[in-house]
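The values are calculated or read from the model by the stated rules, or taken from the named source; none is laboratory data. The shown structure was predicted, so the numbers you read here are calculated from the model rather than taken from an experiment. Please note: Cβ atoms are built from the backbone with ideal geometry, for glycine as well, and neighbour counts cover all protein chains shown.
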Amino acid sequence: MIDQYEACQRLLLHEGMRLQAYRCPAGRLTIGIGRNLEANPLTKEEGKVAGDWQHGITRECAFYLLRHDIERIEKELRAKISFWNRLDDERQYALLDMAFNLGVSGLLKFKKMLAWLWIGDWAQAALECLDSRYARTNIRRAKRIAFLLKTGKWCVNV
């Protein structure tokens with residue numbers, strides 16, 4: 001997968017950063033850079049770093065939590081996507097980004113897209129990504145991710 005710094009910068013672009021807890025559009029309690037506290041409560045270690053998170057966290061803490069989220073999601077994707085290691089770094093990132101937004105279980109519902117990725121038909125995988133509720137509700141993000149799936153190249157201005 002791409003280096004963690006680059007993944008953090010891309011996820012920051014897609015998620016934004018809020019240092020006070022808030023309810024995301026899906027109604028879930030969230031903090032930092034898209035950390036869903038209901039689906040992914042703070043670990044004991046993270047709680048020590050975050051401190052009294054109900055009154056806000058620091059920017060450093062937001063990135064700390066994001067790095068942990070990236071590690072956790074990537075580990076889960078490695079375990080659940082049999083062809084993960086055959087994908088190039090950029091396409092691995094595309095799946096990580098989608099899983100960050102939808103959850104790993106949400107990403108795994110993209111059965112046709114994953115099937116096209118498995119056989120290496122990047123164009124069809126990109127079309128499947130765009131033919132979804134995910135793409136209709138996350139227009140710019142989905143276009144970037146579909147372009148990445150199709151070309152293997154990150155582009156902010158898609």
So residue 26 passes all but one of these: (1) modelled with pLDDT under 95; (2) touching a Cys at 6+ places or on another chain (Cβ under 6 Å). Which condition number does it fail? (2)
Of the criteria (1) surrounded by fewer than 19 Cβ atoms within 10 Å (Cβ to Cβ); (2) closer than 19 Å to residue 83 by Cβ; (3) under 16 Å from the mean Cα position of the chain (by Cα), which one residue 143 fails: (2)
Residues in the stretch 105-126: is at least one modelled with pLDDT of 95 or more, part of a helix (DSSP H, G or I), within 14 Å of residue 8 (Cα to Cα) and not aliphatic (A, V, I, L, M)? no
Mind listing just one residue for me: the one in the stretch 40-58 that is within 22 Å of residue 96 (Cβ to Cβ) and among the charged types (D, E, K, R) and, of those, farthest from the chain's Cα centre (by Cα)? 45
Any residue in the stretch 105-132 that is on the phi < 0 side of the Ramachandran plot sitting within a Cβ distance under 6 Å of a residue that is of a type outside the set (D, E, K, R) and loosely packed, with under 15 Cβ neighbours inside 10 Å? List the pairs, counting only those 6 or more apart or interchain. 118/83
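Among the residues of the stretch 67-86, is any outside any helix (DSSP H, G or I) and in contact with an Asp or Glu (Cβ under 9 Å, 6 or more places away or on another chain)?
No: the stretch 67-86 contains no residue that is outside any helix (DSSP H, G or I) and in contact with an Asp or Glu (Cβ under 9 Å, 6 or more places away or on another chain).
How about the stretch 25-36: which of its residues are surrounded by 16 or more Cβ atoms within 10 Å (Cβ to Cβ) and outside any strand (DSSP E or B)?
Step one: filter the stretch 25-36 for residues surrounded by 16 or more Cβ atoms within 10 Å (Cβ to Cβ), giving 30-36.
Within the stretch 25-36, 33, 34 meet the criteria.
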Any residue that is out of contact with any strand residue (DSSP E or B) (no Cβ under 9 Å at 6 or more places or on another chain), in contact (Cβ under 8 Å) with a residue 24 or more places away in the chain and farther than 23 Å from residue 111 by Cβ - is there at least one of those in the stretch 78-90? yes
Give me a count of the residues in the stretch 120-158 that are touching a helix residue (DSSP H, G or I) at 6+ places or on another chain (Cβ under 9 Å) and of a type in the set (Val, Ile, Thr). 4
Only one of (1) small (Gly, Ala, Ser); (2) out of contact with any Lys or Arg (no Cβ under 8 Å at 6 or more places or on another chain); (3) buried (at least 19 other Cβ atoms within 10 Å of the Cβ) is not met by residue 21, so which one is it? (3)
Out of 39, 62, report the one residue that is surrounded by 15 or more Cβ atoms within 10 Å (Cβ to Cβ) and either in a strand (DSSP E or B) or touching a residue at least 40 places away in the same chain (Cβ under 8 Å) (or both). 62
May I ask you to list the residues in the stretch 88-103 that are crowded, with 19+ Cβ neighbours inside 10 Å, within 18 Å of residue 38 (Cα to Cα) and among the hydrophobic types (A, V, I, L, M, F, W, C)? 99, 100
